[in-house]
Amino acid sequence: MPDVQALVGDFVLKLKRRKVEGSHASARQTAELLRSVVSQQRLPHVGQATVLIDAVRAVGEQLIAANPVELAVGNIVRRVLHIIREEDLSSTTTAMEGLGLSAGSDDENAGELEDRPALSAAAVAAAARSTLRAPSLHTLLEDIPESAAIPHTSSSGGDSEGKSKSADKSSKGRKLKHDVIEAINELIQDIDTCHEQISEQAVEHIHQNEVILTLGRSRTVKEFLCAAKEKKRSFRVFVAEGAPRYQGHVLAKELVAKGLQTTIITDSAVFAMISRVNMVIVGAHTIMANGGVIAPVGLNMVALAAQRHAVPFVVVAGSHKLCPLYPHNPEVLLNDLKSPADLLDFGEFSDCMDYGSRDGSPLLHVVNPTFDYVPPNLVSLFITDTGGHNPSYMYRLIADYYSADDLLVQRRA
Amino acid sequence: MEAPKSPQSPNPNPGLGISAYYQTRAEHHAVVTSDWLAQAQAAVAPPSPPPERAAPESGRPFSVVEEFNFWRKKPDLAEAVAAIMALAAVIQSSTATTMMELEIELKKASDSLKKGDRSSISLTAGCDLFMRYVTRTTALEYEDFDAAKLRLIERAEKFGEISLKARRTIAMLSQDFIFDGCTILVHGFSRVVLEVLKLAASNRKLFRVFCTEGRPDRTGLRLSNELAALGVPVKLLIDSAVAYTMDEVDMIFVGADGVVESGGIINMMGTYQIALVAHSMNKPVYVAAESYKFARLYPLDQKDLEPAIRKIDFGVPIPSGVEVEECARDYTPPQYLTLLFTDLGVLTPSVVSDELIRLYL
């Protein structure tokens with residue numbers, strides 16, 4: 001499968017050069033790439049899920065290493081791994097249920113003569129399910145073969161597949177692959193339609209004559225506001241321009257084109273204006289597992305201003321932005337430093353770049369970080385495609401989307 | 001401020017670097033200062049050699065409390081593990097022939113255990129957890145009652161292993177949060193926290209640890225002993241120096257006696273105070289606790305708990321009519337905790353209630 005390797009190399013290069021930007025684009029393209037990885041992968045007869053998982057994991061490792069700050073890539077890799085595990089599990093469960101059923105019917109006929117398995121098929125399936133889910137108090141006393149915290153490549157599917165001695169293995173293999181691809185297609189569709197599902201909820205949150213503040217430009221926010229406007233809500237929007245890239249200007253133009261009352265303010269005027277604002281609605285780069293947000297730079301300030309004046313701070317984000325990791329030291333580890341050209345025109349400060357100073361290094365430095373970390377206690381509400389959630393509830397959504405085994409995609413050397 | 005006595009004895013001991021004011025004060029109130037460490041050493045030594053097994057088979061009726069006390073004496077065994085071991089022994093010696101009978105017998109045993117020590121939260125939590133497991137394990141899943149019984153015993157005996165594995169898992173999970181050059185404040189002695197720091201030290205992380213003294217049982221001294229043996233830089237603080245040193249601290253690590261439904265923790269006296277100081281100075285408070293310490297309690301305030309009384313040695317006779325606060329632990333509400341490291345993963349405090357509800361409802 002040389003062409004898949006080429007595709008992967010191409011995408012890695014794009015990520016490294018920051019040619020792909022924004023979590024939506026990266027998420028979508030990652031999903032598409034993984035779909036082709038899955039479809040090109042040749043599968044052996046036994047342990048298909050393991051092979052698929054290993055293939056996806058290997059590609060995922062490269063992608064994540066290419067741009068570790070673009071957490072959406074890692075999220076999608078983990079989602080796909082979870083999909084494979086789930087599809088594999090559902091196929092083995094159906095197989096087991098068939099086994100259990102036949103055992104049950106035999107039992108009715110032959111009474112106690114049948115030597116049944118000590119555990120019923122349902123119990124086995126339940127145990128298998130619990131290995132997929134994060135460990136819980138529920139399963140503490142039941143024996144689960146592998147610990148979820150230790151990254152493990154051998155899935156439970158591998159050996160149970162071996163045990164169930166089905167004759168039509170090849171057709172079954174095709175079925176697993178088919179199911180996985182189908183599920184990835186659904187995932188891609190979800191990523192594409194998340195804006196619509198989020199903006200459907202707009203009227204519940206934006207009320208007549210309210211003043212909304214946002215910063216920078218987020219497609220999700222734009223669609224959210226427009227959806228409320230379409231439902232005949234009249235409200236005003238303050239747009240902080242979002243220095244240094246001034247994406248807020250673009251958003252303001254788009255909103256005006258939709259007929260929304262829009263006011264542009266500078267980022268430094270947020271505190272001055274916040275007392276008139278009813279709600280802050282912003283987009284996010286990533287939502288972390290503790291409910292903290294990695295967001296465009298400047299948003300922490302907005303969040304603090306909102307908290308100071310008790311204004312609800314609402315974050316809208318698609319579920320592909322949900323990251324199962326906890327931030328430790330997020331200000332340093334999860335940031336990207338952009339070119340100083342955003343701040344300074346070329347040549348404008350050329351006299352400051354005098355290399356003749358004492359130790360040869362220029363006296364003027366420019367730092368242009370991309371992201372801010374907003375701690376969970378500053379966020380009032382998250383609106384995702386599945387509805388509105390409290391920051392402390394994020395872990396629950398994450399438990400639905402990811403399996404605990406995949407939290408560490410990269411194997412430590 | 002100079003000592004009030006300075007006119008009489010202007011400089012009683014100039015050679016030593018100890019403040020004259022405090023020295024005179026110490027002499028005044030006869031507070032032990034010199035052989036302080038020696039005493040601590042003595043306190044660290046195990047109080048008594050572990051007693052030999054009380055031979056419950058020899059004719060005497062089986063007593064679950066004795067069994068529990070036997071397991072409890074083992075230094076490396078958590079309370080919840082001891083409780084579950086004791087309940088397993090109940091199953092072993094039980095003559096019940098149906099699941100229902102066995103459950104009733106276990107219920108009685110666990111009630112008598114709980115009554116024996118009302119203040120131990122992990123004992124209660126361990127009993128509840130095991131009872132719940134027994135209730136959910138029906139004999140229907142197994143060939144017969146004996147198989148179910150055997151399985152229960154087997155799982156209970158595995159529990160000690162589960163508990164040790166839980167500690168390792170917690171230590172692994174918390175490694176990402178300990179970064180090079182950080183300063184960690186710990187309070188009291190916790191086996192899990194020790195395991196976390198041990199693993200961090202063996203991963204060649206560079207960090208230093210501030211240990212509180214942990215009056216009156218000086219558990220902090222014990223922890224500092226262990227850490228110093230590992231080669232970790234340690235600084236001992238008296239319990240009241242926490243706020244003074246907090247700006248040097250990067251994170252706080254504490255263990256827990258029990259984790260309650262609100263997501264708060266019950267831990268050694270002083271934890272609440274430290275969490276409050278940390279919160280006001282914006283430092284993260286991490287709790288390392290095994291999930292079998294999750295207890296179905298919802299304390300509304302500090303007094304809403306069975307007090308765990310312990311004697312406090314002030315070194316001097318207490319004047320008659322003076323009361324002493326003898327409670328050994330306090331309750332830290334969830335809003336002052338940042339994250340919980342458990343064997344179920346890294347959790348926010350609100351997950352605790354969720355886990356408990358999933359198990360018991």
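The values are calculated or read from the model by the stated rules, or taken from the named source; none is laboratory data. Bear in mind the structure is a predicted one, so any value in this text is a computation, not a measurement. A quick note on method: Cβ atoms are made from the backbone with ideal geometry, for glycine too, and the neighbour counts reach across all protein chains shown. For accessibility, only protein heavy atoms count, side chains too; no ligands or nucleic acids. Shrake-Rupley method; radii C 1.70, N 1.55, O 1.52, S 1.80 Å.
Would you confirm, using the coordinates I've provided, whether A:I64 is in contact (Cβ under 8 Å) with a residue 12 or more places away in the chain and buried (at least 24 other Cβ atoms within 10 Å of the Cβ)?
Details: in contact (Cβ under 8 Å) with a residue 12 or more places away in the chain: yes; buried (at least 24 other Cβ atoms within 10 Å of the Cβ): no.
So A:I64 fails the test.
Which of the residues belonging to region B:313-361 are open to solvent by 50 Å² or more (accessible area, probe 1.4 Å) and basic (K, R)?
B:R358
If a residue has to be under 25 Å from B:L164 (Cβ atoms), part of a loop (DSSP other than H, G, I, E, B) and at the interface with chain A (Cβ under 8 Å from one of its Cβ atoms) to count, how many in region B:324-361 make the cut?
2
Among the candidates A:D372, A:D406, which residue alone is of a type outside the set (S, T, N, Q) and open to solvent by 30 Å² or more (accessible area, probe 1.4 Å)? First the steps, then the outcome.
Details: A:D406 fails: open to solvent by 30 Å² or more (accessible area, probe 1.4 Å).
The conditions single out A:D372.
Could you tell me whether region B:101-113 includes any residue that is in contact with a Lys or Arg (Cβ under 9 Å, 6 or more places away or on another chain) and either assigned by TED's automatic domain parsing to the domain that holds B:A288 or surrounded by 20 or more Cβ atoms within 10 Å (Cβ to Cβ) (or both)? Walk me through it before giving the result.
Step one: of region B:101-113, the residues in contact with a Lys or Arg (Cβ under 9 Å, 6 or more places away or on another chain) are B:102.
Restricting the remaining residues to those that are either assigned by TED's automatic domain parsing to the domain that holds B:A288 or surrounded by 20 or more Cβ atoms within 10 Å (Cβ to Cβ) (or both) gives B:102.
Yes, region B:101-113 contains at least one residue that is in contact with a Lys or Arg (Cβ under 9 Å, 6 or more places away or on another chain) and either assigned by TED's automatic domain parsing to the domain that holds B:A288 or surrounded by 20 or more Cβ atoms within 10 Å (Cβ to Cβ) (or both).
If we keep just the residues of region A:375-396 that are within 12 Å of chain B (Cβ to nearest Cβ) and closer than 22 Å to A:R219 by Cβ, which is least open to solvent (accessible area, probe 1.4 Å)? Spell out the reasoning first.
Step one: filter region A:375-396 for residues within 12 Å of chain B (Cβ to nearest Cβ), giving A:375-377, A:389-396.
Next cut, closer than 22 Å to A:R219 by Cβ only: A:389, A:394.
Working: A:H389: 24, A:M394: 0 Å².
Per the stated criteria, the residue is A:M394.
For region A:291-318, which positions are surrounded by fewer than 22 Cβ atoms within 10 Å (Cβ to Cβ) and over 17 Å from A:G248 (Cβ atoms)?
Matches in region A:291-318: A:L304, A:Q307, A:R308, A:H309, A:A310, A:V311, A:P312.
If I ask for residues that are hydroxyl-bearing (S, T, Y) and open to solvent by 10 Å² or more (accessible area, probe 1.4 Å), which ones from region B:163-178 would you list? Can you show your working first?
Pass one, region B:163-178, residues hydroxyl-bearing (S, T, Y): B:163, B:169, B:174.
B:T169 - this is the single residue of region B:163-178 that is hydroxyl-bearing (S, T, Y) and open to solvent by 10 Å² or more (accessible area, probe 1.4 Å).
I'd like to check something: does region A:251-258 contain any residue that is under 22 Å from A:T384 (Cα atoms) and either surrounded by fewer than 18 Cβ atoms within 10 Å (Cβ to Cβ) or polar (S, T, N, Q) (or both)?
Checked region A:251-258: no residue is under 22 Å from A:T384 (Cα atoms) and either surrounded by fewer than 18 Cβ atoms within 10 Å (Cβ to Cβ) or polar (S, T, N, Q) (or both).
Where in region B:79-193 are the helices (runs of 4 or more DSSP H), entirely inside, with at least 3 residues that are away from chain A (no Cβ under 14 Å)?
Working: elements: B:79-93, B:99-116, B:121-136, B:145-174.
Hits in region B:79-193: B:79-93, B:99-116, B:121-136.
Select the strands (runs of 3 or more DSSP E) contained entirely in region B:217-323, then report the ones holding at least 1 residues which are within 14 Å of chain A (Cβ to nearest Cβ). Give the derivation first.
Numbers: elements: B:234-237, B:251-254, B:265-268, B:285-288.
Filter on region B:217-323 gives B:251-254, B:285-288.
What tally of residues in region B:199-216 results from selecting those that are surrounded by 18 or more Cβ atoms within 10 Å (Cβ to Cβ) and modelled with pLDDT under 90? Break it down into steps so the answer makes sense when it comes.
Going residue by residue through region B:199-216, those that are surrounded by 18 or more Cβ atoms within 10 Å (Cβ to Cβ) are B:199-200, B:207, B:209-214.
Filter once more, so that each one left must be modelled with pLDDT under 90: B:214.
Of the residues in region B:199-216, 1 are surrounded by 18 or more Cβ atoms within 10 Å (Cβ to Cβ) and modelled with pLDDT under 90.
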